[in-house]
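Single-structure report; data block below.
The values are calculated or read from the model by the stated rules, or taken from the named source; none is laboratory data. Since we're looking at a predicted model, the values are computed, not measured. Heads up, the Cβs are rebuilt from the backbone with ideal geometry, glycines too, and the neighbour counts pull from every protein chain shown.
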Amino acid sequence: MKNLTTFLINLLSAIIITLGVILYLSSHFIGLPMLIVGIGFIYLIQYKNNKKKAIQSLKSLGKALFIPFIGLVVSLIIVSIILISTGYNPLMTLKTLIYGGFIKSWHSTVLNATPLIFTGLAIGFAFNAGLFNIGAQGQYYVGTAVATAIGIYLPMPSIILIVIAYVVSMLLSASYNIIPAYLKIKTGAHEVITTMMFAQIASSLSGWWVNLMGGEDPVHKYKTDKISTDAWLMKLKDLVPLDHINYRLNVGILVAILTAFVCYFILYKTTLGFKIRAVGHNKDGAKAQGIKVNKIIFVTLLISGALAGMSGVTQVLGLEHRMTYDLSSSYGWDGISVALLASGNPIGIIFSAFLWGGIDSGGQYLERVTDIHKSIVEIMKGLILFFVVARYIYLYINTKFGITKKLFKNISHSHTP
Amino acid sequence: MNEILSLFDTQLFTTTIDFSTPIVLAAIGGVLCERGGIVNIGLEGFMNFSAFFAVVGTIATGNPWIGLVSGVIAGMIFSLIHGFATIHLHLDHVVSGAVINILSAGLTQYLLLIIYHTAGQTASVPLSLHDMKYAIPILSSIPYVGEIFFNQTPIVYIMMISVVIFTIFLNRTKLGLHLKVSGEHPMALETLGISVFKMRYLGVILSGLLCGLAGSYLSIETGSSYSENMTSGRGFIALAAVIAGRWSPIGALVASVVFGFINALQYKLQIIPALKFFPTEIFSALPYILSILAIAFAVKKSRPPKASGEDFIVERID
Amino acid sequence: MTTFLKLEKITKKFSKIVANKDVTIEVKKGEIIGLLGENGAGKSTLMNVLFGLYKPTSGRVLINDKPVKFSSPKDAKSAGLSMIHQHFMLVDNMSVTENIILGQEPNKMGFINYKEAREKVIALSHKYNLEIDPDAKIEDIAVGVQQRVEILKALFRDTKLLIMDEPTAVLTPQEVIHLFEVVRKLRADGMSVIIITHKLDEASEISDRIYILRNGELVDSCNACDVDSQMLATMMVGRDIIFKTDKKPRKETGIKSFKLQDLSYKKMDGTYAIKNLNLEIEAGEIYGIAGVDGNGQKELAEVVRGMVKEESGEIIFNEKVINKYTTLERMQNHMGYIPADRLKFGLIPAYDMASNLIIGEQDEKKYTKKTNPVWRRIVDVLDNILGEYNPVRGLSIINKKAVIENAKEVIKKYDIRPNDHTAIAGYLSGGNQQKVVVGREIERKPEFILIVQPTWGVDVGAIERIHEQILAMRDCGVCILLISLELEEIFTLSDKIAVLYEGKIVLEKPAHLTNKNEVGLYMTGGSN
C-alpha cells in the first residue's frame, strides 16, 4: 500500500516535471513553478525515506553550486565596474540583459542552448576520462555536413530519415576522432593539438562542402540547399496545443536534455562510466587494476565526437534546415566554456548551456533596445569562466588576506583534467 | 616540368618566410614556456591580443615602432594572466590556456568597439613596419639568398636574431639552466633556494613577449590593420612546431619553416591549371594535415620536459 | 666542541594538530647526529622548520649561538645548511656537472663557464674520494653514484651542516660502508651531519648522538654507544617490538606454479630493462628479489602484471603460457598484485572505498544488475562486429547494493578505519590505504601474488602485521613473488632469494644458504 502511494506520487511528479519542462521551454512560464513543485514532491519522498541522505544530497548540491555562484557574482561586479568606467549604468544594463535573455527572448535562449548542451556534453564527457576534446567544432561541422547531405539527397519517410540522419552523422563525426584517438594511444600525441588541427581542417573544407551541396546558387551563396521537410524535427508548437509559441522552437532541446541525462547515467551508474572516470582520475592505477586504458580513451573520444556531431545534426534538422558557410559559428568553442563551468558534470552542463545561451540572447536584446554593443557579453562570459574555473583564487585570497576562512575551506583544486 | 620548376622562385621563399615568421616566434615562445614547466595552449590568444594592441599603438601615435612596443607589452601583460592562473592559482595549464583564448577573443571584440566603435576590423595603420623594409648592405646583394634573407622587414630580422639568442640563453646561461630545471625537476631548484615560481613566470612572460612580436607581425608588418580572428589557428600550428621541433628553438625554427613552406607552396599550387580540379579548400587544409603528420611522427621519439604541465606546490603554512 | 646549530623548544601547530612540541636539538661542530622516528613522528616538519618552509609556532633556531630567522630555503642555504632528500633532487637528463653546480654556477655575466665548472667538480671528487664521471647523464648512472653526486652537490656549496634523509635506503651493505667512511671523513673536516633514519643498527653505528622523536615530541636523546637497537626501537615506537616475525618452515609442495622463461623487456629507448630472465616459484613459496633500485624491478613488475608487453620469453602460470593474457585476465585467473606505490597503482584516490574494493571486478556478475535479454542480444551482435571497441559492452548497470555489502564486509574483516565505505581512498592514512589494497587482494583468493615493497611508507608497528599476512598467504599455498629494495624485508620473508642486477638474475639461493653480505655484493654486480 505504502509502496503504491510512493509510486503514484513519483509518477505524478514525473508527469508534472515533464509537462513543466515542455511548457517552460515553449516560453510558457507557468512551467517553471510546475517544475519546482514536481522536484519538491520527489525530494519530500526522498526525505521521508532517508532523512540523512536527503539532507546530505542537498548539502553537496549546495557545495557544488557555491563556487559557480560566487564566480557569477564576482564577474558581475567586475562587469559593472567596466560598464561604469565606459559610461553606462550597470544596474540598468544588467537588468535589461537578464530580462532579455531569460524572459523576453527566452525562446532564442532555448535555441542557443540546444547545440551548446551537445557540444558541452561532448567536451565534458571527455573531461571525465581526463581528455580535452578541444576540437569539438570540427566534429560539429562533420555532423552538420552529413545531416545536410542526407536531408537533401535521401528520399525517405520522415521518422526513418531523421533516425538515419542522426545515426550516420553520429557515426561519421565519431570517426572523425579516430585518428586523434589512435595517435593518442599509439604515440601519446596530445589530443588538444590533434583535435584542434582536425577542427581547422574541417573548417577549411566546410566551404567546399557547402559549394558541393548547392552553394553556387547565386541567391543563397554560402548556404546549401534546404533539406527536405521530411527531415525536419518536430516543432514545439505542433507538440504543445497552446498559442504564442515561437515557430522556430523544436524538439531538439528535449533531445539535448535527454542526452544529458543519458550521459549522466552512463558516467555514474554503469561499469563503462566507472571505468571512464577511473581512467580520468588515475590512469596508471586503472591500468594496474585491469582496466584497458587505451580502449577507454579510444571509446571516450569517439563518444565525445558523436555527441559533438549530434549538435550539428540537431542544428540542421531542427533549426537551420541547411548548412551555412559560417566561420564565426562557435558552438564547439563555446562548448568548452559550458563544459568547464559545469566541471564536466552532464546535468550541470544543461544549466551552464542555458546560462551561456541566455547571456548571448540577452546581449542581442540589449543591443536592440540600448546603444550598448552585444560584445559586452563576451567579456562577461570570459570573466565568469575565469572566476568559476580558477576556483583556487578564493583560497588564494583567503590565505593571503585571511578573510572568510570557514567559507572556503572546502575548495580544493579544480577537478577538470 | 617547367611549370614545377617555376614554382621555386624567390617569391616562394619570401612568402615562406612571410608565413613562418609569426609561427617561429610563437613556437619559440612555446618552447621557453614549456621548458619552464608551463604548458601554453594560449599562444593563439596572446598573439591575437597583441596584434590588436600593436594596431592601437600605431594608430594612436602614427609610429609603428611604438605600435610594436605596445603590442609586445600587451602580450606580456596578457601572458601574466596565464602565469598567475597556472602558477599561483594552480589551474590546469590546458584549461587555463583554453580560457585565455576565449578571453582574448572576447576582450579584443569589446575593446574594438569601445576604442574604434566598429566591429570586426580596425582602420588601416597610417604607416606599417612593412614600410621599414631594410636591405642589409653587401649581404642583400648576394643573388637569390640575399633577396630572401637580407632584404627584409624588422620583425623578420628580430625573428632570426631571437632564434640565436634563445638557443644561447637555454644552453649557455645560468638563467637558462634554471629555467630548464624548473621544467624538469622543479623541486630540485626550490631546494637549492631558487624560486620555481619566478622561473616559471619568466618562461611565461618570454612567451608573451615572443607572441607579442608574432601578433604585431601579423597586424602591422604583413598586414596593416587588425581584424577579428586574424591569427586563424597559427598559435596551434606553433604548438605543433614546438613538439615537432622537440622543445628547442632551432627545432622550432625548422618545423615552422617547413609549415611556412608548405603553406606558401599550397598557394602556388592553387594557381596551377592542372590542379584546378581540386577544390582550393583542400590546399588550405594542407598545413594542418602536415602538422598532424609531423606530430604523429615526432612525438614518439621526443621527450617533453618532465614536469611540464605539472602543478608545483610548495607547502608554506604559517 | 662548539655548538653549531641549536633548535630551541620548537613547537609547530597546524590548526589543531601539533606536529612538533618543544623539540630541542643541539648539533656540535664535527658531530654526527642520528634522528630517529617513525613516519609521522614529526621529522619532516622539523626539517621544514629548519629550512624556513614552515614558520615555527614558538621556539627559535640558533646558529653559532645567534638566533636566526629563515624565511626560505635560500636563507638556510646561505647559513651553510644542506639536505640530501630521500628522493634525490637531481635532473635526469642533465650531466653530473650541471647538477652539482646548479645554483652556484661559475659564470661571467650570467654565461656559465662549463670548463671551470668541470675542473672544480673533478677536484672536489678527488678530494673526498667520491668517484664520478662529470659528463655522464644522471639517468645513466646507478643510484649509489647518484648519491655521491648529491653529496658533491652539498660540498660544492660550502656546507657546514649536512642533513641526510634515509641515506642508506637505496644502498647495498657494501655501499653503506663506503658512505659511512665518507661521512666520517666529513666529520673529520669539521662538518656536522644529521642522519635521519629508521634503521636502528645503522643509527647506532654511525652516530655520535641520537635523538628520538615520537608523536612530535622528543622522547630521548642518548649517546650512541650506550644503547642497542632493541632499546632504540622501544623508545621509538613506545612499546616493545618483536623484530623476528614468526616464520614456520615451508611445506614443500613441489608444484612449480609460476615460471618465467627467458623473459626480456625492451624500454622505449631501445635498451633492455630485463634480459633473459628465468625463475620458478613453487606454490607456497616466497621468492624474494633483492636489488638496487633501477635494475629492472619496476619493469619486471609491470610485465608480470601485464601492463606492458614483453619483448620475448614466456610467462607460465599453472602450466599455461599467459603472455597473451591482459591484466584483467590475469586478475581473473587469481593473480594478485600489491604495488609499492599504492596511490599510483593500487587505488583510484578520488574514488570511495567501496569502489576501490571492487575495482577490476566491476564487470563481474555479482556487481552488475541483470540486463534485459533483448539488450543483451544487441550487445552480443555489436560485440561480434566491433569486438573490443564496442562501446556498449561495458554498459551494464552497477549493482550498488552488492558493492556496498562487499565493502562493509572487507572493512570489518581487515579493520579499516574509518568504518565508512563512502570515505574517499585518497584521504585515508597510509596504513589504511595499504589495508584496503591487501584486504582486496587477499579476498580475491590469489594463487599467485606479486608483492612490491609492501611496507613502503608504513609505520614500524604496522610492518609486523603486513609481514604476518604475507606469511599466512604463503602457508595457504599461495605462490608469492616479492620484490623489495629492503634487504631486511627480503631476508625476513623469503624462502628463496634472488638478486636482480641490470635486468638479470645474478644470484639465486635458498634463503638459509646465503647472507646479506653475499647478496649485497651481487647487488652491485660485484661478483664479476
| Answer residue from region A:204-238, given it is polar (S, T, N, Q) and within 20 Å of B:Phe277 (Cα to Cα) and is modelled with the lowest pLDDT among those | A:Asn211
| query | Which residues, taken from region C:19-53, are farther than 14 Å from C:Leu81 by Cα, within 14 Å of another protein chain (Cβ to nearest Cβ) and out of contact with any Lys or Arg (no Cβ under 6 Å at 6 or more places or on another chain)? | reply | C:Ser44
| request: Filter region C:367-381 for residues that are closer than 21 Å to C:Glu329 by Cβ, part of a helix (DSSP H, G or I) and within 14 Å of another protein chain (Cβ to nearest Cβ) and give the result. | output: C:Tyr367, C:Val379
| task | Determine whether region A:246-266 contains at least one residue that is within 30 Å of C:Asn356 (Cβ to Cβ), assigned to a helix (DSSP H, G or I), within 14 Å of another protein chain (Cβ to nearest Cβ) and among the β-branched types (Val, Ile, Thr). | result | yes
| request: Could you grab me the full set of residues in region C:68-78 that are more than 7 Å from chain B (Cβ to nearest Cβ) and either surrounded by fewer than 18 Cβ atoms within 10 Å (Cβ to Cβ) or among the β-branched types (Val, Ile, Thr) (or both)? | output: C:Val68, C:Lys69, C:Ser71, C:Asp75, C:Ser78
| said: Only one of A:Ser85, A:Ser80 is within 14 Å of another protein chain (Cβ to nearest Cβ) and not acidic (Asp, Glu). Can you tell me which? | reply: A:Ser85
| query | Considering only residues of region B:169-189 that are among the aliphatic types (A, V, I, L, M) and more than 9 Å from chain C (Cβ to nearest Cβ), which is farthest from B:Ile313 (Cα to Cα)? | reply | B:Leu170
| request: Could you figure out which of (1) within 21 Å of C:Pro446 (Cα to Cα); (2) crowded, with 17+ Cβ neighbours inside 10 Å; (3) at pLDDT below 95 isn't true of C:Val304? | output: (3)
| message | over 25 Å from the mean Cα position of the chain (by Cα) and without any contact (Cβ under 8 Å) to a residue 60 or more places away in the chain: which single residue out of A:Gly188, A:Gly214 fits that description? | response | A:Gly188
| task | Quick one: which residue in C:Ile281, C:Ile315, C:Ile274, C:Ile289 is buried (at least 17 other Cβ atoms within 10 Å of the Cβ), in contact with a Gly (Cβ under 7 Å, 6 or more places away or on another chain) and either among the charged types (D, E, K, R) or not in a loop (DSSP other than H, G, I, E, B) (or both)? | result | C:Ile274
| request: Quick one: which helices (runs of 4 or more DSSP H) lie wholly within region B:221-318 and hold at least 1 residues that are within 14 Å of chain A (Cβ to nearest Cβ), aromatic (Phe, Trp, Tyr) and surrounded by fewer than 22 Cβ atoms within 10 Å (Cβ to Cβ)? | output: B:249-271, B:280-284, B:286-298
| request: Looking at (1) charged (D, E, K, R); (2) farther than 21 Å from A:Ile296 by Cβ; (3) assigned to a loop (DSSP other than H, G, I, E, B), find the lone condition where C:Asp363 falls short. | output: (2)
| Residues satisfying the stated conditions in region C:338-360, i.e. in a loop (DSSP other than H, G, I, E, B) and within 14 Å of C:Ala423 (Cα to Cα) | C:Leu347, C:Ile348, C:Pro349, C:Ala350, C:Tyr351
| note | Across region C:488-528, the tally of residues that are outside any helix (DSSP H, G or I) and not charged (D, E, K, R) stands at 18
| field | Selection from region B:168-216 of residues that are hydroxyl-bearing (Ser, Thr, Tyr) and touching a Leu at 6+ places or on another chain (Cβ under 7 Å) | value | B:Ser182, B:Ser207, B:Ser216
| Mind checking which residues of region B:170-180 are surrounded by fewer than 22 Cβ atoms within 10 Å (Cβ to Cβ) and in contact (Cβ under 8 Å) with a residue 40 or more places away in the chain? | B:Leu170
| task | Would you check if there is a residue in region A:183-190 being of a type in the set (Lys, Arg), within 25 Å of A:Asn345 (Cα to Cα) and either away from chain B (no Cβ under 12 Å) or buried (at least 20 other Cβ atoms within 10 Å of the Cβ) (or both)? | result | yes
| remark: Within region A:192-209, residues surrounded by 24 or more Cβ atoms within 10 Å (Cβ to Cβ) and more than 7 Å from every other protein chain (Cβ to nearest Cβ) come out as A:Thr195, A:Phe198, A:Ala199, A:Ala202, A:Ser203
| So which strands (runs of 3 or more DSSP E) are wholly in region C:1-67 and hold at least 1 residues that are assigned by TED's automatic domain parsing to the domain that holds C:Leu161, without any contact (Cβ under 8 Å) to a residue 24 or more places away in the chain and surrounded by fewer than 16 Cβ atoms within 10 Å (Cβ to Cβ)? | C:3-14, C:17-28
| field | Residues (touching a Lys or Arg at 6+ places or on another chain (Cβ under 8 Å) and assigned to a helix (DSSP H, G or I)) located in region A:276-290 | value | A:Asp284, A:Gly285, A:Ala286, A:Ala288
| request: Output yes when any residue across region C:298-305 is more than 8 Å from chain A (Cβ to nearest Cβ) and part of a loop (DSSP other than H, G, I, E, B), and no when none is. | output: no
| field | Flag if A:Ala165 is modelled with pLDDT of 90 or more, surrounded by 16 or more Cβ atoms within 10 Å (Cβ to Cβ), within 14 Å of another protein chain (Cβ to nearest Cβ) and within 22 Å of the chain's Cα centre (by Cα) | value | no
| field | Among residues of region A:124-133, those that are within 15 Å of A:Val262 (Cα to Cα) and either of a type in the set (A, V, I, L, M, F, W, C) or touching a strand residue (DSSP E or B) at 6+ places or on another chain (Cβ under 8 Å) (or both), counted | value | 2
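Every residue, every condition in (1) over 22 Å from C:Leu179 (Cα atoms); (2) crowded, with 20+ Cβ neighbours inside 10 Å; (3) in contact with a strand residue (DSSP E or B) (Cβ under 9 Å, 6 or more places away or on another chain), yes or no:
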residue: C:His85; (1), (2), (3): no, no, yes
residue: C:Leu90; (1), (2), (3): no, yes, no
residue: C:Asn107; (1), (2), (3): yes, no, yes
residue: C:Gly110; (1), (2), (3): yes, no, yes
residue: C:Val121; (1), (2), (3): no, yes, no
residue: C:His126; (1), (2), (3): no, no, no
residue: C:Asn129; (1), (2), (3): no, no, no
residue: C:Asp135; (1), (2), (3): yes, no, yes
| message | Return the residues of region B:94-117 that are in contact with a helix residue (DSSP H, G or I) (Cβ under 8 Å, 6 or more places away or on another chain) and more than 10 Å from every other protein chain (Cβ to nearest Cβ); say none if nothing qualifies. | response | B:Ile115
